[in-house]
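The values are calculated or read from the model by the stated rules, or taken from the named source; none is laboratory data. Not measured: the values here are computed from a predicted model. Cβ coordinates were reconstructed from backbone atoms using ideal geometry, including for glycine residues, and neighbour counts include every protein chain displayed.
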Amino acid sequence: MDNKVNNQEGRGSWGSSFGFIMAAAGSAVGLGNLWKFPYLAGKNGGAVFVVAYLLIVVLVGFTMMLGEMIIGRKTQLDPYGAYKKLNKNWGFLGSIGILTAFLILSYYSVVGGWVIKYIVATVTGKIGADKAAYFTGFIGGSVEPLIYHGIFMVLTVAIVIKGISDGIEKASKFMMPALLVMLIVVAIRSVTLNGASAGLSYYLKPDFSKFRPSVLVDALGQVFFSLSLGMGALITYGSYLKGDENLEKNALIIPSLDTAVALLAGFAVLPAVFAFGFEPSQGPGLMFITLPAVFEVMPFGTIFGIIFFVLVFFAALTSAISLLEVAVAYCIDSLKWTRIKAVSIASTLMFIIGIFASLSMGPMADVHIPLFNRGVFDTLDFFTSNILMPIGGFLMAIFIGYIWGVDEAIAEVKKSPGVKFKLEKFWTILIKYVVPFAIFIVLLSSLGLLDKILGK
Ligand code: PHE
């Protein structure tokens, strides 16, 4: 089969529809699901967060994902070029997305490095009895985490340099299914631990007295982050689609897969947190501290641990390549750079920003970014997930709803031969009214303005 089908502009394209779904799911499923979702649920009262998250996935996630795929396939361009082609004043929205991709990959690669370190540490049996001390000791170091951050970035580069169907598509098709199987095995072990039931009810039985506006802020940010929305990743991936896919179906399958993986990750982590007496709200270390404890009590735990972290690594890698690809597609399409030049320069810049993110876990822990009042790592995380991506999503909804026009978008969905748009009305209402309004409210709240307006 010709795996390198090129369209007129000489850009790459996907070899098959399954390949696209796996790559888009590969972009979506990543550290966001495995690392971030469990700790955000732990931090935000468990099941209340899960309920908010599910609601937002259905209303906002599906709507945005379809919108991005439509823009990508219609224009066959990188996010900046895409918005600009549809309306000459809107290129800026694509630029925001490209900036977002830069900032995310900078710290994402740091966490990707942690995962590689945990593969090594599980192989060599170095983690020891005090899991928390091991984790904080490692991430707080000044040299070792940077080396792993560098390794992760180099591996990302190695795939992206090969282009669309050879690199990205091939890698995703094999890794995603393997991850799902392993995750189920680990979740089963975690749920059957002695003392898991407290964790299960924390995770599944909503206690609405734990509800705060910050639950919604985190849940919305997490939906954007986990589904790779609001910054053009799906515009970019959609731009490598030819004309015949059913976009609506894809926009339903990918969020479902992604949510399934996030929920499973919650089952793998949270019951174990309670069974071993860890603190659910401790934040980013949750997965790294809890899972090694689970592997310790599993038969063949070391082997499971190794396979598991390898798969987490693959999941992170397939997301990282989509982040890098957003920036690279822009440099190729809009700046007319070669792929090699684009990849080298973009990844080097990201690596450098990532250095500060990593050091902020230790040597630079006291450096707080003004305005955000957080360290570098947390600022990058908060600024991208809770501000830039929601703004990107909000403006995209406005763009589709009122500038470019819903009718044009709907026509793009229906242009594939024999494809019907079943949720056309539902989607129209969501993208024109519900989504912009919902994001706006949550944005106010994340900027700390909601309380002021409500006079609290
Ligand atoms: N969705 C990825 C994850 O959950 C992260 C990501 C965000 C990837 C934005 C691409 C774009 O890990």
Whether any residue in the stretch 317-328 is closer than 29 Å to residue 72 by Cβ and in contact with a Pro (Cβ under 7 Å, 6 or more places away or on another chain) is what I want to check. yes
Out of the stretch 400-444, which residues are small (Gly, Ala, Ser) and assigned to a loop (DSSP other than H, G, I, E, B)? 416, 418
Looking at 347, 385, which is the one that is assigned to a helix (DSSP H, G or I) and at pLDDT 95 or above? 347
In the stretch 287-340, what residues are of a type in the set (D, E, K, R) and touching a Leu at 6+ places or on another chain (Cβ under 9 Å)? 333
Checking residue 311 against (1) within 16 Å of the ligand (Cβ to nearest atom); (2) modelled with pLDDT of 90 or more; (3) hydrophobic (A, V, I, L, M, F, W, C); (4) farther than 29 Å from residue 86 by Cα, which test does it fail? (2)
Go through the stretch 15-37 and report how many residues are part of a helix (DSSP H, G or I) and either more than 10 Å from the ligand (Cβ to nearest atom) or small (Gly, Ala, Ser) (or both). 13
If residue 258 satisfies all but one of (1) among the acidic types (Asp, Glu); (2) more than 15 Å from the ligand (Cβ to nearest atom); (3) closer than 26 Å to residue 440 by Cα, what's the number of the condition it fails? (2)
Take the stretch 275-308 and flag every residue that is within 16 Å of the ligand (Cβ to nearest atom) and not in a helix (DSSP H, G or I). 284
When you go through (1) within 30 Å of residue 423 (Cβ to Cβ); (2) within 13 Å of the ligand (Cβ to nearest atom); (3) at pLDDT below 95 one by one for residue 265, which number turns out not to apply? (3)
When the stretch 96-135 is checked residue by residue, the ones that are of a type outside the set (A, V, I, L, M) and within 16 Å of the ligand (Cβ to nearest atom) are 97, 100, 102, 106, 107, 108, 109, 112, 113, 114
Within the stretch 246-262, does at least one residue satisfy the condition of being assigned to a loop (DSSP other than H, G, I, E, B) and surrounded by fewer than 19 Cβ atoms within 10 Å (Cβ to Cβ)? yes
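Residue-by-condition table, conditions (1) buried (at least 24 other Cβ atoms within 10 Å of the Cβ); (2) touching a Ser or Thr at 6+ places or on another chain (Cβ under 8 Å):
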| site | (1), (2) |
| --- | --- |
| 64 | yes, no |
| 91 | no, no |
| 97 | yes, no |
| 104 | yes, yes |
| 110 | yes, yes |
| 119 | no, no |
Residues in the stretch 71-83: is at least one assigned to a loop (DSSP other than H, G, I, E, B), in contact with a helix residue (DSSP H, G or I) (Cβ under 9 Å, 6 or more places away or on another chain) and at pLDDT 95 or above? no
Condition check for residue 329: within 16 Å of the ligand (Cβ to nearest atom) and either surrounded by 20 or more Cβ atoms within 10 Å (Cβ to Cβ) or under 24 Å from the mean Cα position of the chain (by Cα) (or both): yes
Which one of the conditions (1) more than 23 Å from the chain's Cα centre (by Cα); (2) hydroxyl-bearing (Ser, Thr, Tyr); (3) closer than 30 Å to residue 282 by Cβ does residue 428 fail to meet, given that it meets all the rest? (3)
Any hit, the stretch 215-222, residues being buried (at least 23 other Cβ atoms within 10 Å of the Cβ), within 16 Å of the chain's Cα centre (by Cα), within 16 Å of the ligand (Cβ to nearest atom) and of a type in the set (S, T, N, Q): yes
Could you please let me know if residue 383 is within 16 Å of the ligand (Cβ to nearest atom) and surrounded by fewer than 19 Cβ atoms within 10 Å (Cβ to Cβ)? yes
Does the stretch 77-89 contain any residue that is away from the ligand (no atom under 16 Å from the Cβ), surrounded by fewer than 24 Cβ atoms within 10 Å (Cβ to Cβ) and of a type in the set (Ser, Thr, Tyr)? no
Could you say which residue among 305, 393, 401, 405 is surrounded by 23 or more Cβ atoms within 10 Å (Cβ to Cβ) and over 30 Å from residue 188 (Cα atoms)? 393
